[in-house]
Amino acid sequence: TQEDATVTIRPRITSWLRGELTYEALHTHYADLRDANLWMNTLGTTVQLQPHKRFQVDLGYEYTIANFPFDTSNSFFDHSTSVKVSFAQTRWLTQQTGWTYLTREYDTRNARDGDGTNLLGMVREDRRHTVSHDLRFRFANTSLRVGGQTYWNASNDAFLDFYDWQDYQLRGVVSH
């Protein structure tokens, strides 16, 4: 079973400044996999600056606590900072570029050496950079969006090299 609740507040401070405050609680319960049960709490905030009707900047921060009550070595804290810039070049073309930096610190899990046998005496930390770019074309009854994003992950756990990876995604959407 999974339960999820989200509360979002979006105040408009001035004609060019808005905010967003979000809290999300997630609980996942597995009947046969007790160690995978999860409680997750996320608090996020975004400041949206729109100094011109064609230009917008979103600055965001998110803090997550993920608690695995029956296997605390998997519990972690996430800190995520993001910047997103949107620019409407014409009535039919908009560009959007974003960057997010995430750090994950584990509650009790230590980083290991390349053989996986020795703990390095430091708490394991993972980092992720995400860069995205989208082009949106608007026509009379149709819109087209093309873009992509890439991730760079890095971990101080030398044993599990697959935590250090890159991912590239391309996407296209047509709406009519």
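The values are calculated or read from the model by the stated rules, or taken from the named source; none is laboratory data. What you see is a predicted model, and the numbers here were worked out from it, not measured in a lab. Virtual Cβ from ideal backbone geometry, glycine too; neighbours counted across all protein chains shown. Accessible surface areas use protein heavy atoms only, side chains included; no ligands, DNA or RNA. Shrake-Rupley method; radii C 1.70, N 1.55, O 1.52, S 1.80 Å.
What percent does the relative contact order of the chain come to when contacts are Cα pairs within less than 8 Å and at least six residues apart? List each step's numbers first, then the result.
On the way: 463 pairs, mean separation 22.4, N = 176.
Relative contact order for the chain comes out at 13 percent.
Excluding the sites themselves, what is the longest stretch of the chain that contains no trypsin sites (Lys or Arg not before Pro) in a DSSP loop with at most 10 other C-beta atoms within 10 Å?
Of all site-free stretches, the longest is 92-176.
Hey, any idea what Rg/Rh is for the range 1-92, computing Rh the Kirkwood way over Cα pairs? Could you put the intermediate results ahead of the total?
Values: Rg = 18.0 Å, Rh = 15.5 Å.
Over the Cα atoms of the range 1-92, Rg/Rh equals 1.16.
Note the full-extension length gain between Ala25 and Trp92 as 0.36 nm times their separation in residues minus their Cα-Cα distance, in nm to one decimal. Please list the in-between numbers first.
Values: separation 67, 0.36 × 67 = 24.12 nm, distance 3.83 nm.
Full extension from Ala25 to Trp92 adds 20.3 nm.
Could you please report the charge total around Ser80, scoring K, R as +1 and D, E as -1 over all other residues with beta-carbon less than 15 angstrom from its beta-carbon? Provide the component values of the computation, followed by the final result.
Working: positive: Lys84, Arg104, Arg127, Arg128; negative: Glu20, Glu24, Asp58, Glu62, Asp78, Glu105, Glu125, Asp126.
So the environment of Ser80 carries a net charge of -4.
Let me cross-check Leu93: its accessible surface, 1.4 Å probe, with only protein heavy atoms counted, in Å² to the nearest 10?
About 30 Å², rounded to the nearest 10.
Placing +1 on the Cβ of each Lys and Arg and -1 on the Cβ of each Asp and Glu in the chain, which of Thr64, Ser86, His27 has its Cα farthest towards the positive end of the resulting dipole?
After comparing all options, I get Ser86.
For a Förster distance of 35 Å, can you work out the FRET efficiency between the beta-carbons of Val85 and Ile9, rounded to the nearest 0.05? Each step should come with its number before you reach the end.
On the way: r = 24 Å, r/R0 = 0.68.
After rounding, the FRET efficiency stands at 0.90.
Once the other residues with Cβ under 14 Å from the Cβ of Val146 are scored (Lys, Arg +1; Asp, Glu -1), what is the net sum?
Details: positive: Arg136, Arg138, Arg145, Arg171; negative: Asp134.
The answer is +3.
Between Tyr101 and Trp152, what is the label-point separation in nm under the 7 Å Cα-to-beta-carbon projection?
1.1 nm
Evaluate the range 24-176: find the radius of gyration of its Cα atoms, find its Kirkwood radius, and give the ratio Rg to Rh. Intermediate results must be reported in sequence, preceding the final value.
Numbers: Rg = 19.8 Å, Rh = 18.3 Å.
Result: Rg/Rh = 1.08.
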